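Take a look at the structure below.
The values are calculated or read from the model by the stated rules, or taken from the named source; none is laboratory data. On a predicted model such as this, the values are computed, not experimentally measured, just so you know. Ideal geometry is used to build each Cβ from the backbone, glycine not excepted, and the neighbour counts take in all protein chains shown.
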Amino acid sequence: MKASLSWAWLVLLGACFALFAIGATAQEYPTKPIRWIVTITPGVTQDLIARRLAPDMAKFLGQPVVVENKPGADSIIGYEYVAKQVPADGYTIATASVSNLAILPLTVKGLKFDPLKDLPPVIGIADTRLVLGSSAGLPWKTFNEMVANARANPGKLNYGSVNMHIRMLQDTFIRELGLSLVNIPYSGGTNFLQALMAPDIHFGFIGDALALSYGDKFRPLAVTGATRLPAFPAVPTFFELGFPQIRGVSYSMNGPSGMPKVAVDRLYEATSRTLKLLEVKEYFAKLRLEIHDLNPEAAAAELAEEARSFAAIAKKIGVQPQ
């Protein structure tokens with residue numbers, strides 16, 4: 001009887017030590033450097049976000065945050081790498097374009113991960129506005145005038161796109177307005193911009209920073225976002241025009257599903273504190289990025305809403321995974 005009791009106490013004591021060890025390990029997060037994967041090439045927005053936030057995050061976390069680029073296959077290589085991390089311990093994260101994650105299941109066949117389930121957001125970081133516009137040399141001055149011109153000349157106007165995200169946004173209002181237009185796809189942004197300003201194409205989406213840089217040579221027709229842009233006060237939002245599903249580009253920090261709560265909490269806290277720094281706010285303003293600072297639950301809701309919206313668009317315009 002005494003032997004049985006002694007053994008029971010030993011088992012209980014061992015369990016207590018195990019729980020204590022787990023708790024201590026969790027509380028110590030992070031105990032080593034964190035890898036921040038950028039799924040596209042250096043110098044673009046996702047990369048600039050990571051490289052600006054990482055040094056200050058490292059100060060708050062007490063460990064280095066190392067940015068590493070893993071581009072390729074429309075970000076799939078980098079996303080899959082992060083999603084497949086074992087264990088999902090919070091030491092490998094990624095910058096994600098929310099719309100890119102939402103669209104991938106609709107456009108790519110044979111994905112080896114579920115972008116919506118396997119890469120949950122840690123924090124919604126920021127978004128940037130998109131501007132639909134034309135070369136100022138074209139005859140219309142407003143969105144409605146452009147639509148009227150397209151209706152009067154079916155099949156004669158065209159529009160450019162550099163990725164499926166932009167193509168789907170444009171096809172949304174084109175289909176709903178019953179317009180007959182020709183899409184011209186571009187593999188690179190430089191060629192697209194040259195064609196837009198030539199003008200070899202009649203309209204397209206660009207970032208608001210680019211729209212400003214072109215000055216009077218570019219004519220903005222509509223902007224994404226809930227409110228009008230101060231730089232273009234006379235230009236309506238797509239919400240005003242009746243297309244609330246046409247949004248800008250949002251960016252988030254995401255990690256593999258199953259990360260410990262303590263890791264998610266610490267990463268969110270460190271990123272949120274960094275986003276509140278004056279120098280970071282000024283840097284983001286120069287990039288024309290509007291800081292969101294969404295907690296994991298709010299960021300997940302944003303991703304889910306983007307997924308629902310793009311699924312509806314894909315169904316309407318007949319997009320199929322390829």
Selected residue (only one of ALA226, ALA198 is exposed (fewer than 15 other Cβ atoms within 10 Å of the Cβ) and closer than 25 Å to ALA301 by Cβ): ALA226
In segment 55-71, the residues that are at pLDDT below 95 and over 16 Å from the mean Cα position of the chain (by Cα): none
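Can you tell me which residue in segment 196-232 is nearest to the chain's Cα centre (by Cα), limited to those that are assigned to a strand (DSSP E or B) and β-branched (Val, Ile, Thr)? Before you say what the answer is, go through the steps one by one.
Looking only at segment 196-232, we keep the residues that are assigned to a strand (DSSP E or B), and these are 203-207, 218-223.
Filter again for β-branched (Val, Ile, Thr), leaving 206, 223.
Working: ILE206: 16, VAL223: 18 Å.
Looking at the filtered set, the residue picked out is ILE206.
Kindly indicate whether GLU306 is assigned to a helix (DSSP H, G or I) and either in contact (Cβ under 8 Å) with a residue 12 or more places away in the chain or farther than 25 Å from GLY62 by Cβ (or both). First the steps, then the outcome.
Working: assigned to a helix (DSSP H, G or I): yes; either in contact (Cβ under 8 Å) with a residue 12 or more places away in the chain or farther than 25 Å from GLY62 by Cβ (or both): yes.
Yes, satisfied.
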Checked VAL147, VAL235 against criteria (assigned to a loop (DSSP other than H, G, I, E, B), β-branched (Val, Ile, Thr), outside the structural domain of ALA311 (by TED's automatic domain parsing) and farther than 30 Å from VAL108 by Cβ); the one match is VAL235
State whether the residues of segment 312-320 include one that is among the β-branched types (Val, Ile, Thr), over 24 Å from ARG228 (Cα atoms) and touching a strand residue (DSSP E or B) at 6+ places or on another chain (Cβ under 7 Å). no
Which of the residues belonging to segment 154-193 are loosely packed, with under 13 Cβ neighbours inside 10 Å and either outside any helix (DSSP H, G or I) or basic (Lys, Arg) (or both)? PRO154, GLY155, LYS156, GLY178, SER180, VAL182, PRO185, SER187, GLY188
Where residues in segment 278-294 are hydrophobic (A, V, I, L, M, F, W, C) and surrounded by 13 or more Cβ atoms within 10 Å (Cβ to Cβ), which of them is modelled with the lowest pLDDT? LEU287
Flag if LEU157 is modelled with pLDDT of 95 or more, over 27 Å from the mean Cα position of the chain (by Cα) and not polar (S, T, N, Q): yes
